[in-house]
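The values are calculated or read from the model by the stated rules, or taken from the named source; none is laboratory data. Predicted, not measured: the structure shown is a model, and the values here were computed from it. Glycine gets a Cβ as well: all are built from the backbone with ideal geometry, and neighbour counts include every protein chain shown.
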Amino acid sequence: MLTLPTFIPLSEAARKYGLDEARLRALVEKGKIRAGVIAGEMVVSEDEVKKRAEQERGSGARKEDLPEYQQFSSLSNSYLGINEASKKYRIPYTTLYQWIRRGFISVKGKAGQKVLISEQDVAFCELIYRPQKKQGKKIFAANGIPVQRSAL
């Protein structure tokens, strides 16, 4: 007998499997995880999310565990708009936007039209980005850690 896939709300999947919601949304947009919309809420394939979580845990590290990320712990409750972050950290708006879409920078919410993002994530990404700063060069692995550290 055919077993049908189980779909659960994206927010529940993120919580249950310890993944960032923005990261899951990015995986859905890339077609890496099957998804649908039921009653206006995005649902995702539980099996595919579970496999992805196991793969990312199996890769060894999370950016939150890195000393480079922890050095910005004083910014853990600080949020700013994308334009504000772009100016403050001298990172092109489009680069920040791509990092948000890929789940490297978490979104707190909105204040009117302003999208609020984690300043700790931005500061960490800027630290890794600044010495690289070559257009088109991949500097982050899929789990958000620097490429040169992802092999460790």
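Within the range 55-70, is even one residue of a type in the set (D, E, K, R) and surrounded by 17 or more Cβ atoms within 10 Å (Cβ to Cβ)?
yes
Residue check: is ARG34 over 17 Å from the mean Cα position of the chain (by Cα), surrounded by 14 or more Cβ atoms within 10 Å (Cβ to Cβ), free of Cβ contacts under 8 Å to residues at least 60 places away in the same chain and farther than 18 Å from VAL115 by Cβ?
Criteria met by ARG34.
Out of LYS87, LYS114, report the one residue that is loosely packed, with under 15 Cβ neighbours inside 10 Å and either closer than 17 Å to GLU21 by Cα or at pLDDT 95 or above (or both).
Just one listed residue meets the conditions, LYS87.
Could you tell me whether the range 7-20 includes any residue that is within 16 Å of PHE140 (Cβ to Cβ), in contact with a Ser or Thr (Cβ under 8 Å, 6 or more places away or on another chain), assigned by TED's automatic domain parsing to the domain that holds SER118 and assigned to a loop (DSSP other than H, G, I, E, B)?
No, the range 7-20 contains no residue that is within 16 Å of PHE140 (Cβ to Cβ), in contact with a Ser or Thr (Cβ under 8 Å, 6 or more places away or on another chain), assigned by TED's automatic domain parsing to the domain that holds SER118 and assigned to a loop (DSSP other than H, G, I, E, B).
Residues that are among the polar types (S, T, N, Q) and out of contact with any Pro (no Cβ under 7 Å at 6 or more places or on another chain): find the helices (runs of 4 or more DSSP H) completely inside the range 42-122 holding 2 or more of those.
93-101
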